[in-house]
Amino acid sequence: MSTALVLFSGGQDSTACLAWALQRFDHVETVGFDYGQRHAAELAARPRIRTAMASDKLGADHVLALDVLKQIGGTALTDRRVIEMGANGLPNTFVPGRNILFLAAAAALAYRRGIADLVGGMCETDYSGYPDCRERTIRAVETALDLGMDMKFCVHTPLMHLDKAATWRLAEALGGQALIDLIVAETVTCYEGDRTHRHDWGYGCGACPACALRAEGYAKYAGRVGAP
Ligand code: ZN
């Protein structure tokens, strides 16, 4: 029986990855990370999305605390500070080492559970420039995990070379309008965790960089780029 562990945050990308994994593997487990995010909207969305996507294949959920990221702080995702560009060309929403820690923790959990396939929503196409989302980083971490645990892991990143519009199209291909409706209604992308302002692409403040990317991708997907 093939089994995968999906890094599932409750966002749009990891929800598409969960649907992707459920089509390809016999059994799928999920892991989320509580790292002291400044809002709990994503973590709160996870069980609702899992319930909506429940099937014979969907197995256990795991939530691991990685609050070392909050302890280190200094980012707009872990501290109350205004989102802005830093001198290094990265927005201050960049959490250094986050995906490396996530993958190491997920692989350690997978090792204990005898799972070799990890699935993550990292993407280097239209993204915020985070260096730990790049294919080269993920492949290097994969090699480190193989060596460090003496086990052959495969880190699947089905969204790596898709833009946000293509990610919406992938979701439609995987789960039809029902999955699109679920992503719009339940997934959280907004850096502010805004669940009060509803747009055609879902809930969000509409102003933060994450909302801007999601809105732009949805408009392109829905064929309304440039429309009034
Ligand atoms: Zn927002």
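The values are calculated or read from the model by the stated rules, or taken from the named source; none is laboratory data. Since this is a predicted model, take the numbers as computed values, not measurements. A quick note on method: Cβ atoms are made from the backbone with ideal geometry, for glycine too, and the neighbour counts reach across all protein chains shown. Remember, those area values only see protein heavy atoms, side chains included, never the ligands or the DNA or RNA. Shrake-Rupley method; radii C 1.70, N 1.55, O 1.52, S 1.80 Å.
Its Cα gyration tensor gives the range 1-122 an equivalent ellipsoid. The semi-axes, each the square root of 5 times an eigenvalue, are 28, 15, 13 Å from largest down. Computed with a 1.4 Å probe over protein heavy atoms only, the accessible area of TYR203 comes to about 50 Å². For the chain, the per residue solvent-accessible surface stands at 45 Å², with DNA, RNA and ligands left out and a 1.4 Å probe. Label-to-label distance, HIS161 versus GLU135, with points set 7 angstrom from Cα along the beta-carbon direction: 0.5 nm. Sites listed here are trypsin sites (Lys or Arg not before Pro) in the range 1-102 whose DSSP assignment is loop and whose Cβ has at most 14 other Cβ atoms within 10 Å: ARG80, ARG81.
Dividing the Cα radius of gyration by the Kirkwood radius, what Rg/Rh value follows for the range 1-53? That ratio equals 0.99.
Multiplying the residue separation of MET1 and TYR127 by 0.36 nm and subtracting their alpha-carbon distance yields 41.9 nm. Within the chain, what percent of beta bridges assigned by DSSP are antiparallel, to the nearest 5? Restricted to the chain, the bridges split so that about 15 percent are antiparallel. For the residue pairs LYS152/LYS220; LYS57/LYS164; LYS57/LYS152, the alpha carbons lie more than 30 Å apart in LYS152/LYS220. Running a GNM on the chain with Cα contacts under 10 Å, which residue among VAL63, VAL184, VAL95 ends up with the highest mean-square fluctuation? Largest GNM mean-square fluctuation: VAL63. Amide hydrogen proximity for HIS62: with H placed 1.01 Å from N in the peptide plane, the residues at 5 or more positions away or on another chain lying under 5 Å are THR30, VAL31, GLY32. For trypsin sites (Lys or Arg not before Pro), the sites in the range 137-216 that DSSP calls loop and that have at most 11 other Cβ atoms within 10 Å are LYS152. Surface composition of the range 3-188: carbon and sulfur make up 54 percent of the accessible area, probe 1.4 Å. Taking the inverse of the mean 1/r over every pair of distinct Cα atoms in the range 92-228 gives a Kirkwood hydrodynamic radius of 16.4 Å. Summarising the label geometry, the points placed 7 Å from Cα in the beta-carbon direction at GLN23 and ALA212 lie 3.1 nm from one another. Mean-square fluctuations from a GNM of the chain, with a 10 angstrom spring cutoff on Cα atoms, peak among THR78, THR93, THR51 at THR51. Under the convention that each Lys and Arg Cβ holds +1 and each Asp and Glu Cβ holds -1, the size of the dipole of the chain around its Cα centre is about 160 debye.
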